[in-house]
Amino acid sequence: MSETISLKINDNNLELPVVTGTEDEKGIDISKLRAETGYVTLDRGFKNTGATTSAITYLDGEKGVLRYRGYAIEELASKSSFVEVIYLLIYGHLPSHDELETFRWTVRRHTLVHEDMKKFFDGFPSKSHPMGQLSALVGALSAFYPESLNPNATDEEENLTIIKMLAKMPTIVSWIYKKSLGHPIVYPSNNLDYVTNFINMTFGQRTEDIDINPVAVSAMNTLLILHADHEQNCSTSTVRIVGSSNANLFASISAGISALWGPLHGGANQAVIEMLEKIKDDGGDCDKWINKAKDKNDPFRLMGFGHRVYKNFDPRAKIIKKACDEVLDKLGIDDPVLEIAKKLEAAALNDQYFVDRKLYPNVDFYSGIIYRALGFPTEMFTVLFALGRLPGWIAQWKEMRTNKEPIGRPRQIYTGETERSYVDISNR
Ligand code: CMC
């Protein structure tokens, strides 16, 4: 017999079904609660609320486990390429050799963006934040590719939109970087793989070919894989909820990019480097900054620390910390903020405040140091997070549509004025 939970409200006894996941996670299905009792649940920040069932990513925050489609993040980061992980997340299995080649070839055929989109770059102020540009440009794709707007598209048509989104994103991201420098854009080279092509468009010049450092390609692959999905986080939930109104993929992803921008979410990678620089310029006294983070009257938080779900080491942070040492070593870079980051981490991990609250370094703590070593300016970091998260957003959007999920529309408990009479302006 399937498990139920009894809920007693006044004199009513309600049997609520329990939904059990493949990893034995349990959720109480309250979908009939309001209809049968008149009550709703209240859970600010959705700390206890499962918004959906999903077969894409599993994470156990207590044990520090993260898996995409059943594969451990540690294995994917060390053995796979970003393109393989894109395929895995979106289509549900690791591609065969032929599937991978077909997929690579298909994506390459769509890397160009409509020429008129270049005019946007003339309109943005030269110092505008790359994330503002990215969300506007991705939203604008829906204007340039209107065939992608049909909410009743066939699977084949929907897949073509997915391919276009994947193919055009690196082109757009690299052009945003070129705009920040005032340099001419570099067009995609379809003889290059996804990540190498992105690096070539970003750091290449129209005037000469560049040697692409395999260390940079390998580091980018690792970082993009680590960011590729993270189940129902703020930006992914945004993508799913926007898509649930039948909004097109470009509009849904654009909304996800805006959600990612905040410093409590993806914007933390930029905020971490800015914080480390500030600590360095201030003399490098980590204890002083740890005390500031603990002071409830001070708005400062230790950026890159803490996580809604991980109450143990973020497995991505462990991989990134190791990669950070390796990449800087291979590139011969000595970045003083790396030492500060390590000192800060050690001080926090030994401090009772952080121990009691189970606050550990998260994915953003060391990633910026690698991006910086590769030559990216700080303001581009969150855009790189978005580039990595794109396949996760797409996979979640596609799953939401395949499962025919209803439009997302939470309830509320109204706490405003009760009905009152309108007072004419002459009497106010
Ligand atoms: N520095 C100092 N105190 C912290 C921090 C921090 N970074 N993070 C949490 N706390 C404290 C918080 O003040 C609270 O203390 P108390 O119980 O005394 O009121 C307690 O720990 C629980 O924090 P919370 O804000 O209720 O936890 P949350 O799950 O709502 O927030 C978080 C999670 C990630 C927003 C938060 O830890 C934070 O602001 N971290 C810094 C920003 C950051 O690094 N964000 C990137 C997250 S990982 C990448 C991603 O997926 O986006």
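The values are calculated or read from the model by the stated rules, or taken from the named source; none is laboratory data. All of these numbers come straight from a predicted model, not from anything done at the bench. Note that each Cβ is placed from the backbone with ideal geometry, even for glycine, and that neighbours are counted across all protein chains shown. Each accessible area value is taken on the protein alone, full model and side chains, heavy atoms only, with ligands, DNA and RNA left out. Shrake-Rupley method; radii C 1.70, N 1.55, O 1.52, S 1.80 Å.
In region 111-126, how many residues are within 21 Å of residue 163 (Cβ to Cβ) and open to solvent by less than 40 Å² (accessible area, probe 1.4 Å)? Looking only at that region, the number is 3.
Remark: pairs (first residue in region 299-319, part of a loop (DSSP other than H, G, I, E, B); second residue β-branched (Val, Ile, Thr) and crowded, with 17+ Cβ neighbours inside 10 Å; Cβ separation under 8 Å; 6+ apart in sequence or on different chains) = 302/290; 303/272; 304/272; 314/363. Within region 247-283, if we keep just the residues that are assigned to a loop (DSSP other than H, G, I, E, B) and away from the ligand (no atom under 16 Å from the Cβ), the residue that is farthest from the chain's Cα centre (by Cα) turns out to be 283.
Beta carbons closer than 6 Å, at least 6 apart along the sequence or on distinct chains, pair a first residue in region 202-221 that is touching a residue at least 12 places away in the same chain (Cβ under 8 Å) with a second that is loosely packed, with under 15 Cβ neighbours inside 10 Å for 204/210; 206/184. Residues in region 296-314 that are more than 9 Å from the ligand (Cβ to nearest atom) and either under 18 Å from residue 271 (Cβ atoms) or touching an Asp or Glu at 6+ places or on another chain (Cβ under 7 Å) (or both): 298, 299, 311, 312. Applying a threshold of 8 Å to beta carbon distances and a minimum spacing of six or more residues, or different chains, the list of pairs starting in region 404-425 at a residue that is free of Cβ contacts under 8 Å to residues at least 40 places away in the same chain and ending at one that is of a type outside the set (Val, Ile, Thr) and not in a loop (DSSP other than H, G, I, E, B) is empty. Based on what the data block shows, is residue 292 out of contact with any helix residue (DSSP H, G or I) (no Cβ under 7 Å at 6 or more places or on another chain), within 16 Å of the ligand (Cβ to nearest atom) and free of Cβ contacts under 8 Å to residues at least 40 places away in the same chain? Yes: the conditions hold for residue 292. The set of residues from region 13-39 being part of a loop (DSSP other than H, G, I, E, B), open to solvent by 100 Å² or more (accessible area, probe 1.4 Å) and either within 16 Å of the ligand (Cβ to nearest atom) or over 25 Å from residue 395 (Cα atoms) (or both) comprises 32, 39.
Checked against (1) in a loop (DSSP other than H, G, I, E, B); (2) of a type outside the set (A, V, I, L, M); (3) more than 20 Å from the chain's Cα centre (by Cα), residue 287 passes all but condition (1).
Listed by position, the helices (runs of 4 or more DSSP H) inside region 188-246 whose residues that are over 24 Å from residue 329 (Cβ atoms) and within 16 Å of the ligand (Cβ to nearest atom) number at least 1 are 234-243. Please verify whether region 199-210 includes one or more residues that are touching a Pro at 6+ places or on another chain (Cβ under 7 Å), open to solvent by less than 30 Å² (accessible area, probe 1.4 Å), modelled with pLDDT of 95 or more and among the hydrophobic types (A, V, I, L, M, F, W, C). So far as region 199-210 goes, yes, one or more of its residues are touching a Pro at 6+ places or on another chain (Cβ under 7 Å), open to solvent by less than 30 Å² (accessible area, probe 1.4 Å), modelled with pLDDT of 95 or more and among the hydrophobic types (A, V, I, L, M, F, W, C).
Residues of region 137-164 that are of a type in the set (A, V, I, L, M) and assigned to a loop (DSSP other than H, G, I, E, B): 153 alone.
If you check residue 94 against the conditions, is it open to solvent by less than 50 Å² (accessible area, probe 1.4 Å) and touching a strand residue (DSSP E or B) at 6+ places or on another chain (Cβ under 8 Å)? It is false that residue 94 is open to solvent by less than 50 Å² (accessible area, probe 1.4 Å) and touching a strand residue (DSSP E or B) at 6+ places or on another chain (Cβ under 8 Å). Kindly provide the set of residues from region 1-42 that are within 27 Å of the chain's Cα centre (by Cα) and more than 29 Å from residue 70 (Cα to Cα), ordered by number. 42 - this is the single residue of region 1-42 that is within 27 Å of the chain's Cα centre (by Cα) and more than 29 Å from residue 70 (Cα to Cα).
In the set 134, 89, 42, which member is more than 26 Å from residue 377 (Cβ to Cβ), assigned to a helix (DSSP H, G or I) and touching a residue at least 40 places away in the same chain (Cβ under 8 Å)? Checking each option against the conditions leaves just 89. In region 225-238, the residue that is nearest to residue 326 (Cα to Cα) out of those that are open to solvent by less than 30 Å² (accessible area, probe 1.4 Å) and touching a Lys or Arg at 6+ places or on another chain (Cβ under 9 Å) is 226.
Checked against (1) open to solvent by 10 Å² or more (accessible area, probe 1.4 Å); (2) modelled with pLDDT of 95 or more, residue 252 passes all but a single condition, namely (1). Looking across region 326-339, the residues that are within 19 Å of residue 290 (Cα to Cα) and more than 26 Å from the chain's Cα centre (by Cα) come down to 336, 339.
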